[in-house]
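What follows is a short report on a single structure.
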Amino acid sequence: MEPSASLLTQRPIGRFAPSPTGELHLGSLTTALASYCHIKSLGGEWLLRIEDTDTERCDRQFTEQILIDLETLGLQWDGDVIHQSERIDIYNDYLREALAPLTYGCQCSRKSLARYWDNIENLSDLIPNKQRYPRCCIAKDLDKQQHKLRLQLPNYAIGFMDGIQGIQWDNPQQTLGDMVVRRQDGMINYILAASIDDGLQGITHIMRGLDILPMTTAQISLLQMLDLSAVSHWYHLPLICHANGQKLSKQNLAQPIDTRDPSALIAEALKLLQQLPVDLDTPERMLRQAISQWDNAPLQNKQQLAIF
Ligand code: GLU
């Protein structure tokens with residue numbers, strides 16, 4: 001069968017979707033740079049979405065700093081920046097409508113679940129996956145507004161081709177169980193918000209850190225449930241680590257990037273991403289050269305990249 005004209009003419013759309021729980025560090029910068037160069041090398045657009053639904057951990061100051069840093073580095077996004085904190089009504093509409101048949105209220109606390117698993121362990125020799133919600137509340141018909149809301153995830157294996165990590169298979173029900181999509185205080189789960197926005201923004205290419213890979217089959221099922229699927233290409237980048245193997249992350253207090261010499265920083269990040277060197281120049285010219293040389297091949301099947 002011939003691909004439809006719209007698929008042939010569809011412009012690739014990628015995105016960078018930082019959570020402003022801290023400033024950019026070398027790990028998040030490489031994600032931004034790789035997704036930018038990759039989508040631009042395909043002639044596509046690069047959108048910027050601020051994933052700030054977690055009001056306890058996100059901070060407006062970090063958002064502002066991220067925008068300044070990206071601009072200083074010449075990583076100019078296309079179109080307007082989307083702030084998820086301003087879109088809570090949209091996510092709630094999807095929960096109330098398209099996803100309603102698959103959601104249920106849940107009153108289990110961390111403590112009650114710990115008791116549940118202790119009982120199971122006492123009764124059998126099996127080692128349960130405690131990450132997986134045991135569906136205690138699925139038949140209780142609890143008020144959805146008064147309780148946290150869970151979403152039923154499919155109990156079958158979903159496969160997809162990852163352009164960096166190769167073929168992936170996972171059963172989201174076995175790995176995650178029915179995930180909390182809205183907390184009792186109204187906070188929206190980030191993978192729900194990300195799926196809705198990736199769909200609504202027409203994102204075709206998602207390139208992000210390997211730490212999100214365990215959520216991807218849940219996201220693929222969410223996009224199907226929402227009937228919003230445009231994402232056709234997935235790429236999970238190796239994580240940036242110190243020479244001792246420790247992952248660079250906000251939890252590990254990774255140093256914020258220093259943008260006083262943006263050209264040197266771009267050169268360093270490209271080297272870390274195992275790309276061919278570019279001539280030291282203005283960030284804009286360096287990025288143009290990096291785009292023309294961009295190659296995913298050196299990243300293939302790698303899970304970590306160590307800072308030299
Ligand atoms: N907001 C997530 C983060 O900063 C990224 C989610 C995604 O790219 O899908 O880790």
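Observations
- Cross-link reach list, aspartates and glutamates versus residue 130, counting only Cα pairs under 13 Å and skipping chain neighbours closer than eight places: 118, 121, 178
- To the nearest ten degrees, helix 26-41 and the longest principal axis of the Cα atoms of the chain are 70 degrees apart.
- Only DSSP H runs of four or more residues enter the estimate; each adds -39500 (n - 2.57), and after division by the residues of the chain the mean residue ellipticity at 222 nm equals -10000 deg cm²/dmol.
- Isolated Cys residues of the chain, judged by Cβ distance under 4.7 Å to other cysteines: 37, 58, 108, 136, 241
- Of 24, 41, 53, farthest towards positive along the dipole that unit charges on Lys, Arg, Asp, Glu beta carbons give the stretch 20-59: 41
- In Å², nearest 10: area of residue 226 left accessible to a 1.4 Å probe: 10 Å²
- A full extension of the chain between residue 230 and residue 107 corresponds to an added length of 40.8 nm, given 0.36 nm per residue minus the alpha carbon distance.
- The stretch 49-157, relative contact order [Cα under 8 Å, separation at least 6], %: 30 percent
- The long axis of helix 110-123 is offset from the longest Cα principal axis of the chain by roughly 70 degrees.
- Efficiency of FRET from Cβ geometry, residue 284 and residue 88, R₀ 30 Å, rounded to 0.05: 0.25
- C-alpha center-to-center spacing [the stretch 238-308, the stretch 80-117] in angstrom: 35 Å
- Residue-span extension gain [residue 68 to residue 98] - 0.36 nm each, minus C-alpha spacing: 7.1 nm
- Just the protein heavy atoms count here, and of the accessible area of the chain at 1.4 Å, carbon and sulfur take up 50 percent.
- Relative contact order, percent, the stretch 125-200 [alpha-carbon distance under 8 Å, six or more residues apart]: 33 percent
- Candidate lysines - alpha carbon under 22 Å from residue 302, same-chain residues fewer than 8 apart omitted: 247, 250, 271
The values are calculated or read from the model by the stated rules, or taken from the named source; none is laboratory data. The model shown is predicted, which means the values in this text are computed figures rather than measured ones. When we count neighbours, we look across all protein chains shown, and the Cβ atoms used for this are built from the backbone with ideal geometry, even at glycine. Note: areas computed on protein heavy atoms with side chains; ligands, DNA, RNA excluded. Shrake-Rupley method; radii C 1.70, N 1.55, O 1.52, S 1.80 Å.
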